[in-house]
Amino acid sequence: MLKQIIFVLITFLSIASLAVASPTDDVKKTVDEVVRIIADKEMKKNEPKRRQALKKSISNIFDYSEMAKRSLGKHWNVRTEAEKKQFSELFATLLENSYAGKIESYNNEKIVYMKENVEGEYAEIKSKVVTAARDEFTLDYRMFKQKGKWMVYDVVIEGVSLVSNYRSQFNKTIASSGYDKLVKKLQTKNEELKAP
């Protein structure tokens, strides 16, 4: 009887562990999909289609609204709902356009997932990218659980937080020229990045 109970518990735990993906599993799945899109020969011939596929894949795990909120910092709460929506969309476009070229320049670098730290609803995935020339740089994902799903709210490259970096830039612009000037700068930057 005891053996049967232990067997049932082990089976249940095995099934449960398969059903609940870890934060690392979620990141790896998205990264693998991005690499597949970049390597696809048909996609290489069709930039708009490739960009759209990349955006869709990345947006499944990146919470752009949360990233925008954290990047705006103390200035977020004083914004109207319409301003928050507009800023989140501008910020998402900025990230998508800024990093699409960098992602597309991927050339068989090796991604090593080193460590996963989970504390309640928050997690950090530590990884490193190893280039063909054996250069390495760290790439960490900060995540939080939202509606039962792990979502990225910050990326830390070589110890530098993407969100903190943007927050510092945005604070300077708002302090010197105001929020409207920041919005105009983001709109202009997005137009420049979209241009061929």
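What strands (runs of 3 or more DSSP E) completely inside segment 85-196 contain at least 1 residues that are closer than 19 Å to Tyr64 by Cα and within 16 Å of the chain's Cα centre (by Cα)? Show your work before the answer.
Numbers: elements: 110-119, 122-130, 136-146, 149-157.
Here the list reads 122-130, 136-146, 149-157.
Kindly list, by first and then second residue, each pair from a residue in segment 133-146 that is touching a residue at least 40 places away in the same chain (Cβ under 8 Å) to a residue that is aromatic (Phe, Trp, Tyr), limited to pairs with Cβ atoms under 8 Å and residues at least 6 apart or on different chains.
Pairs that qualify, where the first residue is touching a residue at least 40 places away in the same chain (Cβ under 8 Å) and the partner is aromatic (Phe, Trp, Tyr), are Met143/Tyr122; Met143/Trp150; Met143/Tyr153; Phe144/Tyr122; Phe144/Trp150; Phe144/Tyr153.
As an exercise: evaluate Leu94 against (1) of a type in the set (A, V, I, L, M, F, W, C); (2) over 15 Å from Ile174 (Cβ atoms); (3) surrounded by fewer than 19 Cβ atoms within 10 Å (Cβ to Cβ) and give the number of the one condition it does not meet.
(3) is the only condition that Leu94 fails.
Among (1) closer than 28 Å to Pro48 by Cα; (2) modelled with pLDDT of 90 or more; (3) of a type in the set (A, V, I, L, M, F, W, C), which single condition is Val129 missing?
Only one criterion in (1) closer than 28 Å to Pro48 by Cα; (2) modelled with pLDDT of 90 or more; (3) of a type in the set (A, V, I, L, M, F, W, C) is unmet by Val129, namely (2).
Right, Arg142: more than 29 Å from Pro48 (Cβ to Cβ) and modelled with pLDDT of 95 or more or not? Break it down into steps so the answer makes sense when it comes.
Values: more than 29 Å from Pro48 (Cβ to Cβ): yes; modelled with pLDDT of 95 or more: yes.
Yes; evaluated as a whole, the condition is true for this residue.
Does Ser177 satisfy being among the hydroxyl-bearing types (Ser, Thr, Tyr) and either surrounded by 13 or more Cβ atoms within 10 Å (Cβ to Cβ) or in contact with a Phe, Trp or Tyr (Cβ under 6 Å, 6 or more places away or on another chain) (or both)?
Values: among the hydroxyl-bearing types (Ser, Thr, Tyr): yes; either surrounded by 13 or more Cβ atoms within 10 Å (Cβ to Cβ) or in contact with a Phe, Trp or Tyr (Cβ under 6 Å, 6 or more places away or on another chain) (or both): no.
Spelling it out, it is not the case that Ser177 is among the hydroxyl-bearing types (Ser, Thr, Tyr) and either surrounded by 13 or more Cβ atoms within 10 Å (Cβ to Cβ) or in contact with a Phe, Trp or Tyr (Cβ under 6 Å, 6 or more places away or on another chain) (or both).
Within the bounds of segment 8-16, is there any residue that is modelled with pLDDT under 85, within 17 Å of Tyr99 (Cβ to Cβ) and not aliphatic (A, V, I, L, M)? Break it down into steps so the answer makes sense when it comes.
Here is the first cut: in segment 8-16, the residues modelled with pLDDT under 85 are 8-16.
Applying the additional criterion that residues be within 17 Å of Tyr99 (Cβ to Cβ) yields none.
No.
Within segment 101-135, can you find the residues that are among the charged types (D, E, K, R) and loosely packed, with under 13 Cβ neighbours inside 10 Å? Steps first, please.
Our first condition is that a residue be among the charged types (D, E, K, R); within segment 101-135, this holds for 102, 104, 109-110, 115-116, 119, 121, 124, 126, 128, 134-135.
Scanning segment 101-135 gives Lys102, Lys110, Lys115, Glu119, Glu121, Arg134, Asp135.
Considering only residues that are in contact with a Gly (Cβ under 8 Å, 6 or more places away or on another chain) and not basic (Lys, Arg), which ones fall in segment 148-196?
The initial filter retains those residues of segment 148-196 that are in contact with a Gly (Cβ under 8 Å, 6 or more places away or on another chain), namely 167, 170-171.
Phe170, Asn171, listed by residue number.
If a residue must be in contact with a strand residue (DSSP E or B) (Cβ under 9 Å, 6 or more places away or on another chain) and not small (Gly, Ala, Ser), how many such residues does segment 70-95 contain?
2
The values are calculated or read from the model by the stated rules, or taken from the named source; none is laboratory data. In this text the structure is predicted, and so the values were computed from the model without any measurement. Note that each Cβ is placed from the backbone with ideal geometry, even for glycine, and that neighbours are counted across all protein chains shown.
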